[in-house]
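The values are calculated or read from the model by the stated rules, or taken from the named source; none is laboratory data. This structure is a prediction, so every number in the text was calculated from the model and none was measured. Ideal geometry is used to build each Cβ from the backbone, glycine not excepted, and the neighbour counts take in all protein chains shown. Ligands, DNA and RNA are excluded from the accessible area calculation, which covers all protein heavy atoms including side chains. Shrake-Rupley method; radii C 1.70, N 1.55, O 1.52, S 1.80 Å.
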Amino acid sequence: MKLHEIELRTIHLPLVRPFRTSFGTQTSREVLMVKVTNENGTAGWAECVAMSEPLYSPEYVIGCLDFMKRFLISALRDKPSITAEDVPVVLKPFLGGQMAKAALETAILDAQLKDQGISLAKYLGATKTKVECGVSVGIANNLDELVEEVKSYVDAGYRRIKLKIEPGWDYEAVKTIRQIYPDIPLQVDANQAYSRSDGKLLAKLDEFNLLLIEQPLDEHDILGHAMLAKEVKTPICLDESIISLQSAQDALALEATTVINIKPGRVGGYIESKKIHDLCLDKKIPVWCGGMLETGIGRAANLALAALPGFTLPGDTSASSRYFKQDITTPFVMDDGYLTVPTGPGIGVEPDLDFLDEITTAKELI
Ligand code: NPQ
Ligand code: MG
């Protein structure tokens, strides 16, 4: 396709409740939305999953906006014609910036698949029509509030609970929830909050039959994770450390991880995500789809990915209501703990343009 116009807009959505992790408390979501229009007038949409600040990864909203305008969009527009599959090749010379790259690739892919009348799920090779939902639970003010929040999710039908942990909010929090729900699939996510010397502390979690411990150490500390994996019985799952197919291959070869969380934004897009999925399926490594507090635009695309056969664990693909009072698409509503994979062309959903305009804080056309 030819890129006719690209719209970059920043929106601001309040969260239904503060979300606290080891890197801070978020009360709202600022999201960079990308809309591409091609020569046929077909629009493709995507969201960039970077946060306002570089707390989860080095990327952040204003940085992504600048990176896109200064380098990525210019490189894409220099090509007389482009397919979604060309995007990673054209953008490869510009180092890093996976979230920015993923957003552009996904918007172009959405437009391309809409022109072809193919759903993203079909394009990626999905085998499921609905996916099991998990939910990520922030660090609470106290154990009573944690119990109350977890209970609300279990009652809503969520099939897997993930507790955010950090030093000082780990053993007792997990023990409390495990006592109330002895059988529920349960896992924890530390977002890099521990250090190599915390092996004994983390091994205390072994008694709770957790599915996995997600990213306990620094994103760059692959060796540390490999050493930790020998100290704890609970499987280690890398999130922040996996930024490409190559990094997934390396972490698996070094035995630093036995489960992988795939987030398309973190690895540069859905095409790279599919490659990581295929590698893991081949190696019998379970994968699951992570979440970045996406709006319905990103959520729709994640559901397509989570419908692939290697996604054998429930992901952080929660209902829209977990995060937002009003979503920018028709809300994703959970049915018996499942979300339905969109079947329409492309990502299969459209934003509500009136609501989008209401919450837009900046917008430019290129
Ligand atoms: C994770 N997500 O798995 C991330 C971290 C995360 C659902 O736990 C704003 C934007 C706030 C992105 C907080 C979940 C965020 C964010 C946490 C991502 O590590
Ligand atoms: Mg994580």
**Request:** Kindly indicate whether any position in segment 48-61 is under 21 Å from residue 320 (Cα atoms) and not in a loop (DSSP other than H, G, I, E, B).
**Result:** yes
**Unique match (being in contact (Cβ under 8 Å) with a residue 24 or more places away in the chain, more than 16 Å from ligand 1 (Cβ to nearest atom), in contact with a Pro (Cβ under 9 Å, 6 or more places away or on another chain) and open to solvent by less than 60 Å² (accessible area, probe 1.4 Å)) among 236, 271, 260** = 271
**Message:** List pairs: first residue in segment 25-41 and farther than 13 Å from residue 298 by Cα, second residue at pLDDT 95 or above and small (Gly, Ala, Ser) anywhere in the structure, Cβ distance under 6 angstrom, at least six positions apart or on different chains.
**Reply:** 30/52; 36/44; 36/107; 36/111; 37/43; 38/111
**Request:** Could you list, in sequence order, all residues of segment 22-39 that are open to solvent by less than 40 Å² (accessible area, probe 1.4 Å), more than 16 Å from residue 359 (Cα to Cα) and within 9 Å of ligand 1 (Cβ to nearest atom)?
**Result:** 24, 26
**Request:** Go through segment 54-112 and give me each residue that's of a type in the set (Val, Ile, Thr) and open to solvent by less than 10 Å² (accessible area, probe 1.4 Å).
**Result:** 61, 73, 82, 87, 108
**Residues (acidic (Asp, Glu) and more than 16 Å from ligand 2 (Cβ to nearest atom)) located in segment 280-325** = 282
**Prompt:** Out of all the residues in segment 200-214, which are touching a strand residue (DSSP E or B) at 6+ places or on another chain (Cβ under 9 Å) and not aliphatic (A, V, I, L, M)?
**Reply:** 208, 209, 214
**Message:** Here is a list: 242, 262. Which entry is among the β-branched types (Val, Ile, Thr), in contact with a Leu (Cβ under 8 Å, 6 or more places away or on another chain), closer than 17 Å to residue 99 by Cβ and within 12 Å of ligand 2 (Cβ to nearest atom)?
**Reply:** 262
**Message:** Which count do you get for residues in segment 113-146 that are in a helix (DSSP H, G or I), open to solvent by less than 40 Å² (accessible area, probe 1.4 Å) and more than 19 Å from residue 35 (Cβ to Cβ)?
**Reply:** 3
